[in-house]
Amino acid sequence: MCSVPSLAVMTGDSVDIARIAEEFALDNEFTWGSNVKITGKSGAVHKFDLVVTSKKDENVKVAVLHGISEDLVSDIMKFNAIASDCGISLKALVIEKDLDDTEVNLTHMYNIVTIDQRQSLKPKSDIFGVKELDESLGGAMKRGNVYMVSGKTGVGKTTTATQFLVQGARLGEKGAIILTDTRGAEFIANAKTFTFGFEEYYKEGTIEVIELSDRIRELKEDVLESLKSRSRYIEKLTGEINRIVIESNISRLVIDPLTPMIVENDDFVNQFIMSLAIPHTYMLVTSPVMKSDVSMYGIEEYFVSGIIKLEMDDPSAGIRKASIVKMRGGSYSPYPFYFKITTKGIIASQSERDLKGGSIFKRVEA
Ligand SMILES: Nc1ncnc2c1ncn2[C@@H]1O[C@H](COP(=O)(O)OP(=O)(O)O)[C@@H](O)[C@H]1O
Ligand SMILES: [Mg+2]
């Protein structure tokens, strides 16, 4: 018998699951699991990168190989063998590069559908809905990865995160924000005063606001005592987060800020952030800065896929700058984006330096 666990936590790079489902005509009725173990007819237990299952008929399963290794030929052969042992005939190979002739021949021979993600994941300027910022990101942010917006208090992290959710809602994507240090009512009251449409999306349920309960403190208490309690904590928290995402069909999730959920320990932070990577979902966490210039503990930056750092550029004029200081697997602009925050949200602005550089003369104000 083949059995598929339902937990859908995916680490590593993202795979466009919706596209796979579309390719195999599963409509919108499907579930998925990553790193799925299935016992084959031979009795051996096999592991698949991803298995997408039809909700209408559980026997309709697509086995997916994420073709990222150097030795793709032997991976394809092994993949075909284990799929066949598990009685799975629908097979997909997800690639992000051109295949050579041998690889192409193998996929034809084994009837494996090749899905090139380069088109589906490439630049769509729709992450924040702020043209200049989206352009400087150059489509580098991908679903299934965890990104961080960092900066000091008042610089604009929550506003950026809110706008990220509103932009998703405009595109028909459901979003949620998990508040870890603000009361929901307080956040909502402030977000409503922006004119970019938060209130409407919140009322219709396209954006959900979630508070972290005080139980987090109890739960976290003995996290550093033993490896076992650490794993239990991570499983519990990320399990609940996964459940929210699946139940409410969330495509964009924000944790604002991440800090209260984690403790200062390399392995812990690594494990926690890995477990936050949810297939098909953009995950954005915010972080205040303390031990490094982009995070609280100086650890978080190593385990996220990308960082947007916010700073005040000219406090008297309210001008801020956003710099992309890390972005895995993408070409993004090395130049900062200057902006102001008004009731309209984030508005592109010239840097104070540019303004000053404009003229040699300065009018003396009366
Ligand atoms: N509703 C609003 N209308 C206009 N400006 C706002 C509004 N909310 C926040 N701001 C401005 O944006 C700044 C950044 O706020 P916020 O995004 O909450 O910062 P952070 O999350 O980094 O602490 C505030 O200091 C304020 O100047
Ligand atoms: Mg904030």
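Laboratory data are not the source of any read-out in this text; all were calculated from the coordinates shown. These numbers come from a predicted model, not from an experiment. Cβ coordinates were reconstructed from backbone atoms using ideal geometry, including for glycine residues, and neighbour counts include every protein chain displayed.
Descriptive notes on the structure:
- DSSP-assigned coil residues among GluC sites (Glu not before Pro) in the stretch 218-304, each with at most 11 further Cβ atoms within 10 Å: Glu225
- Computed from point charges on the beta carbon alone (+1 for Lys and Arg, -1 for Asp and Glu), the dipole magnitude for the chain about its Cα centre is near 640 Debye.
- Estimated inter-spin distance, Ser89 and Thr153, nm [label 7 Å along Cα→Cβ]: 6.3 nm
- Considering only Thr206, Thr39, Thr259, the mean-square fluctuation computed in a Gaussian network model of the chain, springs between alpha carbons under 10 angstrom, is largest for Thr39.
- Computed over the chain with a Gaussian network model linking Cα atoms closer than 10 Å, the most mobile of Ser150, Ser226, Ser287 is Ser226.
- Applying the criteria of a DSSP loop state and at most 15 other Cβ atoms within 10 Å to the chymotrypsin sites (Phe, Trp or Tyr not before Pro) of the stretch 236-344 yields no site.
- Relative packing of 165-176, 92-103, which averages over residues the other C-beta atoms within 10 Å, highest first: 165-176, 92-103
- Residue-span extension gain [Glu247 to Ser213] - 0.36 nm each, minus C-alpha spacing: 10.3 nm
- Centre separation in Å (Cα based) which lies between the stretch 72-101 and the stretch 134-190: 37 Å
- Taking a ≥ b ≥ c as the square roots of the eigenvalues of the alpha-carbon gyration tensor, the chain is classed prolate because a/c is 1.5 or more and a/b outweighs b/c.
- Using the Cβ of Ala189 as centre and a radius below 12 Å, the other residues enclosed give a net charge of 0, where K and R count +1 and D and E count -1.
- Neighbourhood charge, 10 Å Cβ-Cβ cut-off, centred on Met312 and excluding it, Lys, Arg +1 and Asp, Glu -1: 0
- Cβ-based net charge around Pro336, under 10 Å, with every Lys or Arg adding one and every Asp or Glu removing one: +1
- Top positive-direction residue, dipole computed over the chain with Cβ charges, set Leu237, Ala161, Gly345: Gly345
- Cα gyration tensor category, rounded, prolate or oblate, for the stretch 17-120 with a/c compared to 1.5: oblate
- Ordering Ile112, Ile177 by the number of other Cβ atoms within 10 Å of each residue's own Cβ, fewest first, gives Ile112, Ile177.
- Ranking Ser305, Gly43, Asn59 by how far each Cα lies toward the positive end of the dipole of the chain (charges on Cβ) leaves Ser305 at the top.
- Residue-averaged [θ]222 nm for the chain, counting only DSSP H segments that reach four residues, each worth -39500 (n - 2.57): -9000 deg cm²/dmol
- Kirkwood hydrodynamic radius over Cα pairs of the stretch 32-78, then Stokes diffusion coefficient at 25 °C and 0.890 mPa s, in µm²/s: 208 µm²/s
- Positive-end residue of Ser89, Leu99, Ser69, charge dipole of the stretch 17-120 with Cβ unit charges: Ser89
- Linear extension gain, Ser316 paired with Arg328, 0.36 nm per residue minus alpha-carbon span: 0.9 nm
- The chain: antiparallel DSSP beta bridges as a percent of all, rounded to 5: 45 percent
- In this simple spin-label model, placing a label point 7 Å from the Cα along the Cα-to-Cβ direction at both Glu70 and Gln350 gives a separation of 5.2 nm.
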